[in-house]
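Asker: For reference, the structure I am asking about is given below.
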C-alpha cells in the first residue's frame, strides 16, 4: 500500500479542476487486507480494490438508459472487461457493486480479490459507503 499511497499523494498534490475527490484507505475484509482507492473526476470515477497490493484487472461500468417503453425505472449497468484476467465472478461482483453503490456515471474499476464471495463483496461495499459518505462519494452524479 505504501507505493500506492505515494502515487495517490502525488496525484493529490498535482490536483486541478478535473479532480473533485480522492479517498484511499485499507480495510480488513474477511481475512484479507484490502486496499481501496476512490477517485472522482468530473466526468467519470475510478475505483481500485485489491487484496494483492497491485493493480490488476480493469473493468468499465457504464450506465444504460432505462427502457421507458417497457416501464423499467431501475438503472441498468453494462460491465465490460478492459484489461487483465477476465472472470465471471469479477463481472458479477462489479455489477453487484455498481448497483449497491448506485453508480451514476461511467466508472473504471480495478478489481483483484482472493475470493469473490457475496459476503466479501458486501463488506467491501459497506466499507466504501462508510468511508466516502459526506463528500463527493462514488455514487454522486455531476
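The values are calculated or read from the model by the stated rules, or taken from the named source; none is laboratory data. From a predicted model like this one, the values you see are computed outputs, not experimental measurements. Positions of Cβ are generated from backbone atoms using ideal geometry, with glycine treated the same way; all protein chains shown enter the neighbour counts.
Asker: Do you know which residues across the range 1-20 are surrounded by 15 or more Cβ atoms within 10 Å (Cβ to Cβ) and modelled with pLDDT of 55 or more?
Answerer: 19, 20
Asker: Any residue in the range 56-75 that is within 18 Å of residue 138 (Cβ to Cβ) and over 15 Å from the mean Cα position of the chain (by Cα)? Even if it seems obvious, please write down each step before you answer.
Answerer: We begin by selecting, within the range 56-75, every residue within 18 Å of residue 138 (Cβ to Cβ); these are 58-63, 75.
Imposing the further condition that a residue be over 15 Å from the mean Cα position of the chain (by Cα) reduces the set to 75.
Within the range 56-75 (the criterion being within 18 Å of residue 138 (Cβ to Cβ) and over 15 Å from the mean Cα position of the chain (by Cα)), the answer is yes, since at least one residue qualifies.
Asker: Which of the residues belonging to the range 91-122 are surrounded by fewer than 22 Cβ atoms within 10 Å (Cβ to Cβ) and part of a helix (DSSP H, G or I)? Give the steps one after another, and end with the answer.
Answerer: Just the residues of the range 91-122 that are surrounded by fewer than 22 Cβ atoms within 10 Å (Cβ to Cβ), to begin with: 91-92, 95-96, 99-102, 104-106, 108, 110, 112, 114-120, 122.
Listed by number, the residues that qualify are 91, 92, 95, 96, 99, 100, 101, 118, 119, 120, 122.
Asker: Oh, and also: If you check residue 23 against the conditions, is it in contact (Cβ under 8 Å) with a residue 24 or more places away in the chain, on the phi < 0 side of the Ramachandran plot and surrounded by 19 or more Cβ atoms within 10 Å (Cβ to Cβ)?
Answerer: No, not satisfied.
Asker: Tell me, which residue of the range 28-52 that is over 17 Å from residue 120 (Cα atoms) and assigned to a loop (DSSP other than H, G, I, E, B) is nearest to the chain's Cα centre (by Cα)?
Answerer: Taking the candidates together, the pick is 44.
Asker: While we're on this one: Being at pLDDT below 95 and out of contact with any strand residue (DSSP E or B) (no Cβ under 8 Å at 6 or more places or on another chain) is the filter; apply it to the range 102-138 and report the residue that is nearest to residue 44 (Cα to Cα).
Answerer: 102
Asker: Oh, and also: Give the residue, chosen from 33, 37, 55, 76, that is surrounded by 18 or more Cβ atoms within 10 Å (Cβ to Cβ) and at pLDDT 85 or above. Show your work before the answer.
Answerer: On the way: 33 fails: surrounded by 18 or more Cβ atoms within 10 Å (Cβ to Cβ); 55 fails: surrounded by 18 or more Cβ atoms within 10 Å (Cβ to Cβ); 76 fails: surrounded by 18 or more Cβ atoms within 10 Å (Cβ to Cβ).
Within the list 33, 37, 55, 76, the selection yields 37.
Asker: Determine whether residue 28 is within 13 Å of residue 107 (Cα to Cα) and at pLDDT 95 or above.
Answerer: Answer is no for this residue.
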